[in-house]
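One structure is given here, and the rest of the page talks about it.
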Amino acid sequence: IWNRVRNYSNFIIDGEVFVSGNDPWYHVRSTEYVVQNYPETMPFEPFTNFPQGTFVSQFGTLYDQIVATIALVVGLGAPDIYTTRLVLLLSPALFGALVCVPLFYMGRRVGGKFGGITAVAFVALAPDRFLQVSLAGSVEHNPIEVVLMSLTILGMMVALTAAEREKPVVELLEDREFKAVRGTF
């Protein structure tokens, strides 16, 4: 987390929170809308495809809802603009650090405890694109995509291990003999 948040003070000027780039401002507007109208997402964004605007159901609404939920928890149900934007500012770093949890377990499954620690150290310290998009201020949905993808891959690793160990038979599911495949699930 330290490697990703050490620049956060660059984005707080005269008590106001700013973000870097153009796309992060979309997430600021969308998240502030969700906070004010929870759990509804912003139906129309006038600045996207300016001057016509766009219906925003295709953009990162899940990300904005997750960050808005965190802001509501941090703000005890009624966060002000500063609290919401501060949560937004720090959310990429939080998700960038959170990816280390499934990566540790994936690395441990492949290379033991040393493999897990190596995977975490690489993600935590490597000066790569993932570090750039998970720095404080880079308010984008990319870090949470990596978290969700890592959880999916870890789930597949666990499922394949269980299937190899249990060797489930599809016909048991078709015959609704769930007790026979309980270990697999």
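The values are calculated or read from the model by the stated rules, or taken from the named source; none is laboratory data. Because the structure is predicted, anything quoted here is derived from the model rather than measured. Neighbour counts run over all protein chains shown; Cβ positions are idealised from the backbone, glycine included. When the accessible area is computed, the model is the full protein with side chains, heavy atoms only, and any ligands, DNA or RNA have been set aside. Shrake-Rupley method; radii C 1.70, N 1.55, O 1.52, S 1.80 Å.
If you go through region 63-71 one residue at a time, do you hit one that is of a type outside the set (A, V, I, L, M), closer than 26 Å to Leu151 by Cβ and touching a Ser or Thr at 6+ places or on another chain (Cβ under 6 Å)? Lay out the reasoning, then the answer.
Just the residues of region 63-71 that are of a type outside the set (A, V, I, L, M), to begin with: 63-65, 69.
Okay, now just the ones that are also closer than 26 Å to Leu151 by Cβ, so 63-65, 69.
If we keep only those that are touching a Ser or Thr at 6+ places or on another chain (Cβ under 6 Å) too, we end up with 64.
Yes, some residue in region 63-71 is of a type outside the set (A, V, I, L, M), closer than 26 Å to Leu151 by Cβ and touching a Ser or Thr at 6+ places or on another chain (Cβ under 6 Å).
If I filter region 28-40 down to residues being open to solvent by 80 Å² or more (accessible area, probe 1.4 Å) and without any contact (Cβ under 8 Å) to a residue 24 or more places away in the chain, which single residue comes out as nearest to Leu86 (Cα to Cα)? Reasoning before the result, please.
Taking region 28-40 first, the residues open to solvent by 80 Å² or more (accessible area, probe 1.4 Å) are 36, 38, 40.
With without any contact (Cβ under 8 Å) to a residue 24 or more places away in the chain added as a condition, the list becomes 36, 40.
Numbers: Gln36: 16, Glu40: 21 Å.
If we take residues in region 28-40 being open to solvent by 80 Å² or more (accessible area, probe 1.4 Å) and without any contact (Cβ under 8 Å) to a residue 24 or more places away in the chain, then Gln36 is nearest to Leu86 (Cα to Cα).
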So Phe47 fits all but one of (1) without any contact (Cβ under 8 Å) to a residue 40 or more places away in the chain; (2) aromatic (Phe, Trp, Tyr); (3) in a helix (DSSP H, G or I); what number is the exception? (3)
Kindly evaluate Val147 against the criterion of being open to solvent by less than 40 Å² (accessible area, probe 1.4 Å), assigned to a helix (DSSP H, G or I) and closer than 20 Å to Gln65 by Cα. yes
Could you grab me the full set of residues in region 114-144 that are assigned to a loop (DSSP other than H, G, I, E, B) and among the polar types (S, T, N, Q)? Ser134, Ser138
Do we find a residue being in contact with a Ser or Thr (Cβ under 9 Å, 6 or more places away or on another chain) and buried (at least 19 other Cβ atoms within 10 Å of the Cβ) anywhere in region 41-48? yes
In region 72-129, which residue that is open to solvent by 40 Å² or more (accessible area, probe 1.4 Å) and among the hydroxyl-bearing types (Ser, Thr, Tyr) is farthest from Arg4 (Cα to Cα)? Tyr105
From (1) under 26 Å from Val123 (Cβ atoms); (2) open to solvent by less than 40 Å² (accessible area, probe 1.4 Å); (3) out of contact with any helix residue (DSSP H, G or I) (no Cβ under 6 Å at 6 or more places or on another chain), pick out the condition that doesn't hold for Ser20. (2)
So, in region 60-71, how many residues would count as being open to solvent by less than 80 Å² (accessible area, probe 1.4 Å) and over 25 Å from Trp2 (Cβ atoms)? 5
Hey, among Arg85, Arg108, which residue is of a type in the set (Lys, Arg) and in contact (Cβ under 8 Å) with a residue 40 or more places away in the chain? Arg85
